[in-house]
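So the structure is just underneath, and the comments pick up after that.
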Amino acid sequence: MLKKGVPTTAIVSFVFVFMVFFFTSQINLSLLSGSNVASAIARSKPVIGITNTAREDKQALSPSRSGVENTITCDCSHRYYDMWFINGPTLLDPITSTFFAIGATNSTPLDSTVKFHPYPRKTDKNAKAKVNELTLTSGPPKSSCGIRHSSPAIVFSTGGYTGNFYHQFNDGLLALYITISSLTLDQDVILVVTNWSDWWAKKYADLLHRFTRHPIVNMDNQTRTHCFPSAIVGLMTHGPLVVDPTLLPRNKTLLDFHALLQNTYGPRGNYLSTSGKSKGARPQLVLVNRKNGVGREILNLKEVLKAIKEVGFKAIVFEPKRNASVRETYRLLHGSHAMLAVHGAAMTHLLFLRVGTVVGEIVPIGTDWPAKTFYEKPATVLGLEYMKYKIEVNESSLAEKYRVNDLVLKNPSAFVNGNYTKAMVYMKTQNVKLDIVRFRAYLKEAFVKAQRFMDKEG
């Protein structure tokens, strides 16, 4: 408290200095990318500090830092992900996978440290077991800056389930799109990747350069330290192939990501269908076939293809491969009028379809909920003509192993009851043999819609 006799000028000077100090502490986050990231963080849930014993449990810092922004903070209020921020100069030591907050102040608790797996499945232990653990600390680094960057870092992993096509998008590319859109970084960001895979970087090089204009850093093969003005560790996700417009600037949706894919991989100028509007043209249907020996294969594929052709489609069988060109795959599917697949990661290719395309999903026993959640809902958002073919018991290979009244066939939800291992009965051990008479009726309806789409769009 000020004593009597303190000059008025001294009081004014004290107030001015305090206001400058307070304002400076509040704009610390702007180091991420000007006012854009600062405003984005302000829109998020309250961040939580860390203690020197925190290991993804986000305990609170001592209240002694009242009025001062923590150097390392976490937006940990979301269902699917946590995201950590180093709100100031950051040094990466790639040898120890440690990020040092070198902008820490005297009011920062010494050696505040957190261990974190930068993958947007915070409660999935199986996924995190395949993701490198990173250390974030306010303790002093032992090395100086080797390479200096003028843009903030976004740090994430391509481990986890990235080998699966669905997860390549939902946990990786779409999550990256959501994160960068949320923080409005406009390509002025350094992508820093752990669990690096050469095939992933090569496969998605064109799309990744839509997110950043800077070289991507593979932190797994670095030997020199890197310094950034700030760092964001982890990615945001809104759910299974979901882009929530209420959480993004300009109310972006999955359609905006769909447009980004088209701008990246689609043909320039007006689209020309491989079938076109020529006389006698037939709608083109691409059957994305599972052939991996791990379930949900079509056992009578030849008969199915024959039926597809007999109703009037031009049929193409596409079997996804890891090293397949995204651009060629995109153009094949984008130029088609219908896509058909058994429930699984291959259904993610619906992101490559034109608005109005027919997309058919063969739904085996016990997969109703994931089929609706992962693919039917996104297909609806994208304006696709979603058509479900729900198989009956006699079309499932499980009927050869279980009796008709067995809970596995009679009530899959009761059988699984939240047990992931039991769900694998439907996902890994079940194949389908379609009833051709019943399936042909489904195909005829799909053909009418595909023909209408072709006549309108080409």
Report summary line: Residues of the range 319-374 being among the acidic types (Asp, Glu) and closer than 22 Å to Pro412 by Cα, in sequence order, are Glu361, Asp368
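Residue by residue through the range 97-116, note down the ones that are touching a strand residue (DSSP E or B) at 6+ places or on another chain (Cβ under 7 Å) and either at pLDDT 95 or above or on the phi < 0 side of the Ramachandran plot (or both). Walk me through it before giving the result.
Narrowing the range 97-116 to residues touching a strand residue (DSSP E or B) at 6+ places or on another chain (Cβ under 7 Å): 97-102, 111-116.
Once the filter is applied, which keeps residues that are touching a strand residue (DSSP E or B) at 6+ places or on another chain (Cβ under 7 Å) and either at pLDDT 95 or above or on the phi < 0 side of the Ramachandran plot (or both), the range 97-116 yields Ser97, Thr98, Phe99, Phe100, Ala101, Ile102, Ser112, Thr113, Val114, Lys115, Phe116.
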Requested in this report: For Pro249, state whether it is more than 20 Å from Trp200 (Cα to Cα), touching a helix residue (DSSP H, G or I) at 6+ places or on another chain (Cβ under 9 Å) and at pLDDT below 95.
Outcome: yes
Report task. List every residue pair whose Cβ atoms sit under 9 Å apart, with the two residues 6 or more apart in sequence or on different chains, where the first one lies in the range 79-91 and is in the same structural domain as Gly139 (by the TED database) and over 13 Å from Leu136 (Cβ atoms) and the second, anywhere, is crowded, with 22+ Cβ neighbours inside 10 Å and polar (S, T, N, Q). Result -> Tyr80/Thr237; Tyr81/Thr237; Pro89/Ser230
Report summary line: Listed by first then second residue, the pairs whose first member lies in the range 192-221 and is under 16 Å from Leu261 (Cα atoms) and of a type in the set (S, T, N, Q), whose partner is open to solvent by less than 20 Å² (accessible area, probe 1.4 Å) and not in a helix (DSSP H, G or I), with beta carbons under 7 Å and at least 6 positions apart or on separate chains, are Thr212/Val189; Thr212/Ile190; Thr212/Leu191
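What tally of residues in the range 209-223 results from selecting those that are outside any helix (DSSP H, G or I) and in contact with a Pro (Cβ under 8 Å, 6 or more places away or on another chain)? Don't jump to the end; show me each part of the working.
First pass over the range 209-223, keeping only residues outside any helix (DSSP H, G or I): 209-218, 222-223.
From what is left, the residues that are in contact with a Pro (Cβ under 8 Å, 6 or more places away or on another chain) are 222-223.
Selection size over the range 209-223: 2.
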Query raised in the report: Do we find that Lys444 is in contact with a helix residue (DSSP H, G or I) (Cβ under 9 Å, 6 or more places away or on another chain) and in a helix (DSSP H, G or I) in this structure?
Result: no
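Quickly run through the range 297-322 and pick out the residues that are assigned to a loop (DSSP other than H, G, I, E, B), out of contact with any Leu (no Cβ under 7 Å at 6 or more places or on another chain) and closer than 24 Å to Ala441 by Cα.
Correct list: Glu297, Leu299, Gly312.
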Report task. Among residues belonging to the range 302-324 that are at pLDDT 95 or above and over 20 Å from Val358 (Cα atoms), point out the one that is least open to solvent (accessible area, probe 1.4 Å). Result -> Glu303
Query - Residue selected from the range 130-143 under the condition over 18 Å from the mean Cα position of the chain (by Cα) and closer than 19 Å to Ser197 by Cβ, by the criterion least open to solvent (accessible area, probe 1.4 Å) - result: Leu134
Report task. Identify all residues within the range 238-255 that are open to solvent by 50 Å² or more (accessible area, probe 1.4 Å) and of a type in the set (Lys, Arg); write none if there are none. Result -> Arg250
Report task. Show the residue pairs that are 6+ apart or on different chains and have beta-carbon atoms under 8 Å apart, the first residue being within the range 319-342 and of a type in the set (D, E, K, R), the second being part of a helix (DSSP H, G or I) and open to solvent by 60 Å² or more (accessible area, probe 1.4 Å). Result -> Arg322/Trp199; Arg327/Asp206
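The values are calculated or read from the model by the stated rules, or taken from the named source; none is laboratory data. Because the structure is predicted, anything quoted here is derived from the model rather than measured. Quick reminder, even Gly has a Cβ in these numbers, built from the backbone with ideal geometry, and neighbours come from all protein chains shown. To get the accessible areas, we keep the full protein, side chains included, count just its heavy atoms, and leave off ligands, DNA and RNA. Shrake-Rupley method; radii C 1.70, N 1.55, O 1.52, S 1.80 Å.
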